[in-house]
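Undergrad: Below is the structure I would like to discuss, written out as structure tokens.
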Amino acid sequence: MQIEQQIAEIQNVVDDVLKLAKAKGATQAEASMSKVQGIAVSSRMKDVENVEFTNDGGLGISVYVGKHKGSASTADLSKEALALTVEKAVDIARYTSEDPCTGLADEALMATEFPDLDLYHPQELDPEQAMKIAIEAETAALEYDERIVNSDGAGYNANLGMRVYGNTHGINAGYPSSRYSLSCMMIGASGDDMQRDYAYTVSRMADKLKSPLEVGQEAAKATVDRLGARKINTANVPVLLHRDVASSLFGHYVSAISGGNLYRRSSFLLDKLGEQVFPEWLTIEERPHLKGGLASANFDAEGVATKDLNIVEQGRLAHYLYTTYSSRKLGTQSTGHAGGIHNWIIGHSGQTEQDLLREMGTGLLVTELMGQGVSVVTGDYSRGAAGFWVENGVIQYPVHEVTIAGNLKDMFANIRAIGSERDVRGGVQTGSVLIDNMKIAGN
């Protein structure tokens, strides 16, 4: 069956469910339905360990009876099960507390245009080919260096899916998407020292993934480079967050400017709209309609149209991120962020990785972050880290078992530079981030 026909059939189901909800007494209703087919293959020491097939589907519905909300979901898509799901949602709504902020997003904000964002590149879900790719990556890693002594495995994943969203304002839209990934994690040893590291690649298009050879060799090199890691003395030094981990820094910024934390008054960036948060040269652009983007979408989880936004302009906090509920709590309107952000492009200051090391001089290059010691309420930041000690712009030796600490407010303000070589494997695309001064807790 053609993908367009499958989406049309799901739209019909969503339409039927919404009509049924109205017939059962709902004043408003919204429903989303997804279907995913996929395979996941993992290997270890060049033997296939797991082969999993996915063929999932489900429908979720939220109904509003006045200002009372009820939700229900089902993986059984028979007519009887769908009718029962709607009935249960309406029943639940009759017993929940009234909430003046509940309800569908404003009708005027609904998406009305649905250009093709180039998110769907189907390829046959071939387990034999997936096994071959995973084992090739592992083989390349194991053969890279004699110090690679073991494997934590390689994995190849392929998912083909579709999503439809509809509500009683009249929107009923869907789109297909694809996602492929390959990862590899290796274990190295030198004397009594053992280390592990990994590499991965992800794309909407299977043929745009890095080759198994590249992924395997990257994982092996990263692992070997960590052998001989030392602890370092406690110090205050510049820190360079490698682009592989730098996106997490902006993930904390997402949390701090999200409406849910703002209306609860639990963000260190509360009441800071328009204020300087980053250096003047730094910009953050959100581009939801990037062709093939991993976080591209024409509408959010509530049907609100997405649009280009300059989240940070000249270092200033230009926009908070609101869902419908949080916007009503705060007397504003949704920014189309129900379900998350859509392709953040972090501005850079033009340097290469080598330029950033030279600019840092002496300090810590962080390639791995561990733990969750970050408070969005206060901005306090403390995470386990590993990486490399740098002197005079040159990497000296690997470092482990340290903690980097600071406050996000200071960390954002003290970003000295951001590299031009971006990691594009997620919803935040950023280069490596050089922060002027942080506390490194070691020996």
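Undergrad: Mind listing just one residue for me: the one in region 198-213 that is part of a strand (DSSP E or B) and not polar (S, T, N, Q) and, of those, surrounded by the most Cβ atoms within 10 Å (Cβ to Cβ)? Full working, then the answer.
TA: First, pick out the residues of region 198-213 that are part of a strand (DSSP E or B): 198-203.
Then drop every residue that is not not polar (S, T, N, Q), which leaves 198-200, 202.
Values: Tyr198: 19, Ala199: 24, Tyr200: 19, Val202: 17.
Among residues in region 198-213 that are part of a strand (DSSP E or B) and not polar (S, T, N, Q), the one surrounded by the most Cβ atoms within 10 Å (Cβ to Cβ) is Ala199.
Undergrad: Also, quick follow-up: Just to be sure, is Leu240 crowded, with 19+ Cβ neighbours inside 10 Å, over 30 Å from Phe114 (Cβ atoms), of a type in the set (A, V, I, L, M) and touching a helix residue (DSSP H, G or I) at 6+ places or on another chain (Cβ under 8 Å)? Please lay out each step first, then the result.
TA: Working: crowded, with 19+ Cβ neighbours inside 10 Å: yes; over 30 Å from Phe114 (Cβ atoms): yes; of a type in the set (A, V, I, L, M): yes; touching a helix residue (DSSP H, G or I) at 6+ places or on another chain (Cβ under 8 Å): yes.
Yes.
Undergrad: A further question on this structure: Of the residues that make up region 266-280, is at least one surrounded by fewer than 16 Cβ atoms within 10 Å (Cβ to Cβ), within 25 Å of the chain's Cα centre (by Cα) and assigned by TED's automatic domain parsing to the domain that holds Ala441?
TA: So the first thing to find is which residues in region 266-280 are surrounded by fewer than 16 Cβ atoms within 10 Å (Cβ to Cβ), and the list is 266, 271, 273-276, 280.
From what's left, within 25 Å of the chain's Cα centre (by Cα): 266, 273.
Filter once more, keeping what is assigned by TED's automatic domain parsing to the domain that holds Ala441: 266, 273.
There is at least one residue in region 266-280 that is surrounded by fewer than 16 Cβ atoms within 10 Å (Cβ to Cβ), within 25 Å of the chain's Cα centre (by Cα) and assigned by TED's automatic domain parsing to the domain that holds Ala441.
Undergrad: Among the residues of region 286-298, is any over 17 Å from the mean Cα position of the chain (by Cα) and hydrophobic (A, V, I, L, M, F, W, C)?
TA: Taking every residue of region 286-298 in turn, none turns out to be over 17 Å from the mean Cα position of the chain (by Cα) and hydrophobic (A, V, I, L, M, F, W, C).
Undergrad: Do we find that Gln195 is part of a helix (DSSP H, G or I), outside the structural domain of His342 (by TED's automatic domain parsing) and polar (S, T, N, Q) in this structure? Reasoning before the result, please.
TA: Details: part of a helix (DSSP H, G or I): no; outside the structural domain of His342 (by TED's automatic domain parsing): yes; polar (S, T, N, Q): yes.
Considered against the rule, which asks whether it is part of a helix (DSSP H, G or I), outside the structural domain of His342 (by TED's automatic domain parsing) and polar (S, T, N, Q), Gln195 comes out as no.
Undergrad: Condition first: buried (at least 20 other Cβ atoms within 10 Å of the Cβ) and outside any strand (DSSP E or B). Now tell me which residues in region 169-190 satisfy that.
TA: Once the filter is applied, which keeps residues that are buried (at least 20 other Cβ atoms within 10 Å of the Cβ) and outside any strand (DSSP E or B), region 169-190 yields only Ile171.
Undergrad: Within region 290-333, which residues are of a type in the set (Gly, Ala, Ser), touching a helix residue (DSSP H, G or I) at 6+ places or on another chain (Cβ under 9 Å) and under 24 Å from Val63 (Cβ atoms)?
TA: Initially, region 290-333 is screened for residues of a type in the set (Gly, Ala, Ser), giving 292-293, 295-297, 301, 303, 305, 315, 318, 326-327, 331.
Then keep just the ones that are touching a helix residue (DSSP H, G or I) at 6+ places or on another chain (Cβ under 9 Å); that gives 292, 303, 305, 315, 326-327.
Those that are of a type in the set (Gly, Ala, Ser), touching a helix residue (DSSP H, G or I) at 6+ places or on another chain (Cβ under 9 Å) and under 24 Å from Val63 (Cβ atoms): Gly303, Ala305, Ser326, Ser327.
Undergrad: Which number in (1) surrounded by 17 or more Cβ atoms within 10 Å (Cβ to Cβ); (2) outside the structural domain of Ile435 (by TED's automatic domain parsing) marks the one condition that Ser258 misses?
TA: So the condition that Ser258 fails would be (2).
Undergrad: Additional query: List pairs: first residue in region 359-377 and farther than 25 Å from Ala219 by Cβ and assigned to a loop (DSSP other than H, G, I, E, B), second residue of a type in the set (Asp, Glu) and modelled with pLDDT of 95 or more anywhere in the structure, Cβ distance under 6 angstrom, at least six positions apart or on different chains.
TA: Once the first residue is farther than 25 Å from Ala219 by Cβ and assigned to a loop (DSSP other than H, G, I, E, B) and sits in region 359-377, its partners that are of a type in the set (Asp, Glu) and modelled with pLDDT of 95 or more give Thr362/Glu391.
Undergrad: Gly350 passes all but one of (1) touching a residue at least 60 places away in the same chain (Cβ under 8 Å); (2) touching a Lys or Arg at 6+ places or on another chain (Cβ under 7 Å); (3) of a type in the set (Gly, Ala, Ser); which number fails?
TA: If we test Gly350 against (1) touching a residue at least 60 places away in the same chain (Cβ under 8 Å); (2) touching a Lys or Arg at 6+ places or on another chain (Cβ under 7 Å); (3) of a type in the set (Gly, Ala, Ser), just (2) comes out false.
Undergrad: To continue, here is another question. Being surrounded by fewer than 19 Cβ atoms within 10 Å (Cβ to Cβ), free of Cβ contacts under 8 Å to residues at least 24 places away in the same chain and outside the structural domain of His337 (by TED's automatic domain parsing) narrows it down to one residue among Glu98, Glu128; which is it?
TA: Details: Glu98 fails: free of Cβ contacts under 8 Å to residues at least 24 places away in the same chain.
Unique residue meeting the criteria: Glu128.
Undergrad: Restricting attention to region 391-433, report how many residues are in a strand (DSSP E or B), under 25 Å from Tyr200 (Cα atoms) and of a type in the set (Asp, Glu).
TA: Residues that pass the stated criteria total 2.
Undergrad: Being of a type in the set (Ser, Thr, Tyr) and surrounded by fewer than 19 Cβ atoms within 10 Å (Cβ to Cβ) is the filter here; which residues of region 31-73 pass it? Full working, then the answer.
TA: As a first pass, look at region 31-73 and keep what is of a type in the set (Ser, Thr, Tyr): 32, 34, 42-43, 54, 62, 64, 71, 73.
Within region 31-73, Ser34, Thr54, Ser71, Ser73 qualify.
Undergrad: Looking only at region 141-158, decide whether some residue is outside any helix (DSSP H, G or I), closer than 30 Å to Ile3 by Cβ, charged (D, E, K, R) and modelled with pLDDT of 95 or more.
TA: Filtering region 141-158 down to residues outside any helix (DSSP H, G or I) leaves 143-158.
With the extra rule that they be closer than 30 Å to Ile3 by Cβ, the set shrinks to 154-158.
Checking which are charged (D, E, K, R) leaves us with none.
No, that holds for no residue.
Undergrad: Moving on to the next point. Determine whether Ala26 is more than 30 Å from Met131 (Cβ to Cβ) and either in contact (Cβ under 8 Å) with a residue 40 or more places away in the chain or not in a loop (DSSP other than H, G, I, E, B) (or both).
TA: Working: more than 30 Å from Met131 (Cβ to Cβ): yes; either in contact (Cβ under 8 Å) with a residue 40 or more places away in the chain or not in a loop (DSSP other than H, G, I, E, B) (or both): yes.
Yes; evaluated as a whole, the condition is true for this residue.
Undergrad: Identify all residues within region 273-321 that are among the acidic types (Asp, Glu) and either in contact (Cβ under 8 Å) with a residue 24 or more places away in the chain or not in a loop (DSSP other than H, G, I, E, B) (or both); write none if there are none. Spell out the reasoning first.
TA: Step one: of region 273-321, the residues among the acidic types (Asp, Glu) are 275, 280, 285-286, 300, 302, 308, 313.
Passing the criteria: Glu275, Glu280, Glu285, Glu286, Asp300, Glu302, Glu313.
Undergrad: Among the listed residues Ile133, Ile92, identify the single one that is outside any strand (DSSP E or B) and touching a Phe, Trp or Tyr at 6+ places or on another chain (Cβ under 6 Å). Before the answer, list the steps.
TA: Working: Ile92 fails: touching a Phe, Trp or Tyr at 6+ places or on another chain (Cβ under 6 Å).
Unique residue meeting the criteria: Ile133.
Undergrad: Yes or no: region 325-342 includes at least one residue that is surrounded by fewer than 22 Cβ atoms within 10 Å (Cβ to Cβ), free of Cβ contacts under 8 Å to residues at least 24 places away in the same chain and closer than 25 Å to Arg226 by Cα. Don't jump to the end; show me each part of the working.
TA: As a first pass, look at region 325-342 and keep what is surrounded by fewer than 22 Cβ atoms within 10 Å (Cβ to Cβ): 325, 328-333, 338-340.
Adding the requirement that they be free of Cβ contacts under 8 Å to residues at least 24 places away in the same chain leaves 331-332.
Subsequent filtering for residues that are closer than 25 Å to Arg226 by Cα retains none.
No: region 325-342 contains no residue that is surrounded by fewer than 22 Cβ atoms within 10 Å (Cβ to Cβ), free of Cβ contacts under 8 Å to residues at least 24 places away in the same chain and closer than 25 Å to Arg226 by Cα.
Undergrad: Next up: Find the residue count for region 3-17, including only residues that are touching a helix residue (DSSP H, G or I) at 6+ places or on another chain (Cβ under 9 Å) and either of a type outside the set (D, E, K, R) or crowded, with 19+ Cβ neighbours inside 10 Å (or both).
TA: 2
Undergrad: What single numbered condition from (1) over 22 Å from the mean Cα position of the chain (by Cα); (2) buried (at least 20 other Cβ atoms within 10 Å of the Cβ) fails to hold for Val164?
TA: (1) is the only condition that Val164 fails.
Undergrad: May I ask you to verify whether His342 is part of a loop (DSSP other than H, G, I, E, B) and touching an Asp or Glu at 6+ places or on another chain (Cβ under 7 Å)?
TA: Values: part of a loop (DSSP other than H, G, I, E, B): yes; touching an Asp or Glu at 6+ places or on another chain (Cβ under 7 Å): yes.
So His342 fits the description; yes.
Undergrad: Shifting gears a bit: Within region 362-370, does at least one residue satisfy the condition of being surrounded by fewer than 16 Cβ atoms within 10 Å (Cβ to Cβ), farther than 27 Å from Lys291 by Cβ and under 22 Å from the mean Cα position of the chain (by Cα)? Steps first, please.
TA: Restricting attention to region 362-370, the residues satisfying the condition of being surrounded by fewer than 16 Cβ atoms within 10 Å (Cβ to Cβ) are 362, 370.
Filter once more, so that each one left must be farther than 27 Å from Lys291 by Cβ: 362, 370.
Going one step further and asking which of them are under 22 Å from the mean Cα position of the chain (by Cα), we end up with 370.
So far as region 362-370 goes, yes, one or more of its residues are surrounded by fewer than 16 Cβ atoms within 10 Å (Cβ to Cβ), farther than 27 Å from Lys291 by Cβ and under 22 Å from the mean Cα position of the chain (by Cα).
Undergrad: Take region 54-86 and flag every residue that is in contact (Cβ under 8 Å) with a residue 40 or more places away in the chain and part of a strand (DSSP E or B).
TA: Matches in region 54-86: Thr54, Leu59, Ile61, Val63, Tyr64, Val65.
The values are calculated or read from the model by the stated rules, or taken from the named source; none is laboratory data. The shown structure was predicted, so the numbers you read here are calculated from the model rather than taken from an experiment. Note that each Cβ is placed from the backbone with ideal geometry, even for glycine, and that neighbours are counted across all protein chains shown.
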